[in-house]
Ligand SMILES: [Fe+2]
Ligand SMILES: [Fe+2]
C-alpha cells in the first residue's frame with residue numbers, strides 16, 4: 001500500500017506559509033510515503049522560482065508538478081532541467097523543456113510513476129496537443145516497468161475534460177487527480193474499474209481571493225477596461241486543500257480522501 005498526500009496549487013507566500021504550518025503535523029498524522037504538490041503559482045501566484053521550490057521542499061514537499069503558469073518565470077529552465085523532482089504536462093511537443101512523467105523509488109514500498117497533462121478548453125495555450133495519446137504512450141512504454149502505483153494529474157479548467165479522461169484511463173492507472181481551478185470539488189470516488197478520481201483538489205492560498213488574486217482587482221477588471229494588473233491577496237484566511245490516496249496497485253486505488261482546511 002502506497003500512501004500519497006497530493007496537494008493542490010500552492011499560491012505565493014500565503015500558500016507557502018500555509019504549507020509550512022500544516023504539513024509537518026499532517027505528515028506525522030497521516031504518514032504519507034510521498035507528498036506531491038502543484039507549484040505553478042508558487043512565486044507570487046505566477047510561476048515558480050528555484051528559491052520558492054527549495055523553500056517548500058524544506059517544508060516536506062517531495063515531488064512537484066508544474067502547470068501552465070510555470071513558463072512565466074525564467075527559472076522554469078533550471079526547475080525542469082532534471083535537477084529538481086518536477087514534471088510538466090506530457091502533451092507538449094518534445095522540444096519543450098522538461099518531461100511529462102517521472103518514476104519515484106519509494107524503497108521497500110516500490111516505484112510509483114507520476115504523469116501530468118494539461119487540458120485544452122479555456123486554457124489559452126496553443127502549444128499543447130491532445131491529452132489521451134501522450135498518456136497512452138507513456139502507459140504502453142511502462143508496461144514492463146515494475147510499478148506499484150501510477151498517478152495522473154490533469155491540469156485543466158473544465159470538469160468535462162477531467163471526468164472523460166479519468167473514465168478513459170479507469171482501470172489502467174491508480175488515480176487521476178485534477179488541478180488548476182483552485183476550487184476543490186466534492187466528487188472524489190473510486191471509479192467503476194478501480195481507479196481513484198477527483199475533478200479538482202483545490203489550492204493552498206488566500207481564501208477570500210479570486211483564485212489567488214485580490215478580489216477587488218478582478219472586480220475592477222470586470223467593470224473597467226483599464227483596471228490594474230493582478231496582485232496576490234496576502235491578508236485574511238488561507239485554505240489548504242489536498243487529497244490522501246491509498247494505492248494498492250498500478251491500476252487501482254483503495255481510497256481517496258479529501259483534506260480541506262481553513263487557517
Ligand atoms: Fe494554479
Ligand atoms: Fe494552472
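The values are calculated or read from the model by the stated rules, or taken from the named source; none is laboratory data. Remember, predicted model here, so these are calculated numbers, not experimental data. Every residue, glycine as well, gets a Cβ built from its backbone with ideal geometry; the counts of neighbours run over all protein chains shown.
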Have a look at 191, 211 and point out the one that is more than 27 Å from residue 56 (Cα to Cα) and touching a strand residue (DSSP E or B) at 6+ places or on another chain (Cβ under 9 Å). 191
Return the residue satisfying two criteria in turn: it lies in region 35-74 and is away from ligand 2 (no atom under 11 Å from the Cβ) and touching a residue at least 60 places away in the same chain (Cβ under 8 Å), and of such residues it is nearest to residue 110 (Cα to Cα). 36
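Is region 78-86 home to any residue that is under 11 Å from residue 10 (Cα atoms), assigned to a loop (DSSP other than H, G, I, E, B) and either within 16 Å of ligand 1 (Cβ to nearest atom) or out of contact with any strand residue (DSSP E or B) (no Cβ under 7 Å at 6 or more places or on another chain) (or both)?
The answer is no, given that none of the residues of region 78-86 is under 11 Å from residue 10 (Cα atoms), assigned to a loop (DSSP other than H, G, I, E, B) and either within 16 Å of ligand 1 (Cβ to nearest atom) or out of contact with any strand residue (DSSP E or B) (no Cβ under 7 Å at 6 or more places or on another chain) (or both).
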Any idea which residue in region 147-164 is nearest to residue 248 (Cα to Cα), counting only those that are surrounded by fewer than 21 Cβ atoms within 10 Å (Cβ to Cβ) and away from ligand 1 (no atom under 16 Å from the Cβ)? 148
Which residue pairs have Cβ atoms closer than 7 Å, lie 6 or more positions apart in sequence or on different chains, and pair a first residue in region 178-197 that is in contact (Cβ under 8 Å) with a residue 12 or more places away in the chain and more than 20 Å from residue 65 (Cβ to Cβ) with a second residue that is more than 16 Å from ligand 2 (Cβ to nearest atom) and in a loop (DSSP other than H, G, I, E, B)? 193/171; 194/171; 194/251
From the list 171, 98, 119, 107, which residue is within 16 Å of ligand 2 (Cβ to nearest atom), at pLDDT 95 or above and on the phi > 0 side of the Ramachandran plot? 98
Selection status of residue 38, modelled with pLDDT of 95 or more, under 17 Å from the mean Cα position of the chain (by Cα) and within 15 Å of ligand 1 (Cβ to nearest atom): yes
Filter region 206-256 for residues that are farther than 15 Å from residue 151 by Cα, surrounded by fewer than 17 Cβ atoms within 10 Å (Cβ to Cβ) and under 19 Å from the mean Cα position of the chain (by Cα) and give the result. 207
State yes or no: is residue 263 in contact (Cβ under 8 Å) with a residue 12 or more places away in the chain, within 20 Å of residue 37 (Cβ to Cβ) and either loosely packed, with under 15 Cβ neighbours inside 10 Å or more than 16 Å from ligand 1 (Cβ to nearest atom) (or both)? yes
Scan region 99-109 and tell me whether some residue there is surrounded by 18 or more Cβ atoms within 10 Å (Cβ to Cβ), touching a helix residue (DSSP H, G or I) at 6+ places or on another chain (Cβ under 8 Å) and either without any contact (Cβ under 8 Å) to a residue 24 or more places away in the chain or in a loop (DSSP other than H, G, I, E, B) (or both). yes
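Could you identify the single residue in 32, 93, 85 that is in contact (Cβ under 8 Å) with a residue 40 or more places away in the chain and under 27 Å from residue 250 (Cα atoms)? Full working, then the answer.
Details: 93 fails: in contact (Cβ under 8 Å) with a residue 40 or more places away in the chain; 85 fails: in contact (Cβ under 8 Å) with a residue 40 or more places away in the chain.
Result of the check over 32, 93, 85: 32.
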Taking the stated definitions as given, is residue 166 at pLDDT 95 or above, assigned to a helix (DSSP H, G or I) and either touching a strand residue (DSSP E or B) at 6+ places or on another chain (Cβ under 6 Å) or over 29 Å from residue 257 (Cα atoms) (or both)? yes
For region 3-25, state whether one or more residues are touching a helix residue (DSSP H, G or I) at 6+ places or on another chain (Cβ under 8 Å), modelled with pLDDT of 95 or more and either in a loop (DSSP other than H, G, I, E, B) or over 27 Å from residue 232 (Cβ atoms) (or both). yes
